[in-house]
1. It is to be established whether one or more residues within the range 204-216 are open to solvent by 60 Å² or more (accessible area, probe 1.4 Å) and under 30 Å from Leu48 (Cα atoms).
2. Based on what the data block shows, is Gly107 open to solvent by less than 90 Å² (accessible area, probe 1.4 Å) and more than 20 Å from the chain's Cα centre (by Cα)?
3. I need the full set of residues from the range 72-122 which are among the hydrophobic types (A, V, I, L, M, F, W, C), assigned to a helix (DSSP H, G or I) and more than 22 Å from Ile217 (Cβ to Cβ), in order please.
4. Please enumerate the residues belonging to the range 81-99 that are of a type in the set (Val, Ile, Thr) and at pLDDT below 95.
5. Which one of the conditions (1) modelled with pLDDT under 95; (2) open to solvent by less than 60 Å² (accessible area, probe 1.4 Å) does Lys226 fail to meet, given that it meets all the rest?
6. Determine which member of the set Tyr155, Tyr163 is out of contact with any strand residue (DSSP E or B) (no Cβ under 8 Å at 6 or more places or on another chain) and without any contact (Cβ under 8 Å) to a residue 60 or more places away in the chain.
7. Going through the range 168-185 one residue at a time, which ones are outside any loop (DSSP other than H, G, I, E, B) and either touching a Gly at 6+ places or on another chain (Cβ under 9 Å) or free of Cβ contacts under 8 Å to residues at least 40 places away in the same chain (or both)?
Amino acid sequence: MMAVKKPAPKKTTASKPKPKTASKKSNRSFGEKVKWFFIKLFLWFFGLSIGSVIFFKYVPVPFTPLMLIRAIENKMGDKEVYFDHDWEPIEKISMNLQKAVIASEDGTFLSHNGFDFKALQKAYKSNERGRRIRGGSTISQQTAKNVFLWQGKSYFRKGLEAYFTVLIEVIWGKERIMEVYLNSIEMGDGVYGAYAATQHWYRRDASSLTPMQAAGIAAILPNPRKFKATGSSSYINRRKERIVREMRAVGKIHYDGK
C-alpha cells in the first residue's frame, strides 16, 4: 500500500499590529481645528475693530460701555438711573472747553502720537513712591477706552487700549478724537458729553462757555461723580485757577495741520 502523504501544515504568520494612524490623525486634526479657530478669531477681531473705528469716524457715538455700567450700578444700588447725553459737533463746542481739557488732561495732545511717554514715566515713579495713583493716560487713550473698552487696570485691557489708541490716531485724527472725547466722557453723575454738562452745570449752550466755566468742567474730570463744577470745594477752585492759567499757554488750537 502506498502511504498517503499528509498535506504540509500551512504556515501561519502572526498578524502585525496596525499602526495607530487614526489616533494620530485625530490628534492632528484637533490641533489644526484649535489653530484655525484662533486664526479666525484674530481675523474677526481685527476686521471688526478696524470696521468699528472707521464707522465711528463718521457716525456719532450713541453710547459707551461706561454709560451702561453706570446705569447697572445705579439700578443695583437702588439709585435713580439718570442719563443725559446728546451729541454736539465740535464746531458748536466752546474752544475754551477744548483748551481746558488739554490743559487739564493732556498738555501734549496736539503733538504726540497717542502716548505721552514722559507723563507715563512720571506717573510710574509717583506710584512707585506710594503717592496718589496717577494714570498718565492721554486724551487719545481715554477716548479709546471710553468708546471701545471697559474700565479696569489689567494688562490685557491696557494692551487693547494701546491697540485702539493707535487705530484712532491713524484713522480719526486729532480733531475727531477731541470731538468724540468731549461727547462721550463722564462730566457728572449720569451726565455725559459737553452739551449735557454745560446744560447741567451752567444752564447754557456748549458754545458759550467762559474760560472759568470751561475750567470748572475740566477740573472735575478726575472724579465727576464726587466733585462739582459749581459750588465747588476749595480743592476744585484751586484746580480751576490753575487750569485757566495753563489754558493761556495752550494758545490757538490747530488740529491735523489745519
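1. no
2. Details: open to solvent by less than 90 Å² (accessible area, probe 1.4 Å): yes; more than 20 Å from the chain's Cα centre (by Cα): no.
No; evaluated as a whole, the condition is false for this residue.
3. Correct list: Ile72, Met76, Phe117, Leu120.
4. Within the range 81-99, just Val81 meets the criteria.
5. Lys226 satisfies all of (1) modelled with pLDDT under 95; (2) open to solvent by less than 60 Å² (accessible area, probe 1.4 Å) except (2).
6. Tyr155
7. Listed by number, the residues that qualify are Ile168, Glu169, Val170, Ile177, Leu182, Asn183, Ser184.
The values are calculated or read from the model by the stated rules, or taken from the named source; none is laboratory data. Just so it is clear, the structure is predicted and the values come from calculations on it, not from any experiment. Cβ: placed from backbone, ideal geometry, glycine included. Neighbour counts: every protein chain shown. Ligands, DNA and RNA are stripped out before the accessible areas are found, and what is left, the full protein with its side chains, is counted by its heavy atoms. Shrake-Rupley method; radii C 1.70, N 1.55, O 1.52, S 1.80 Å.
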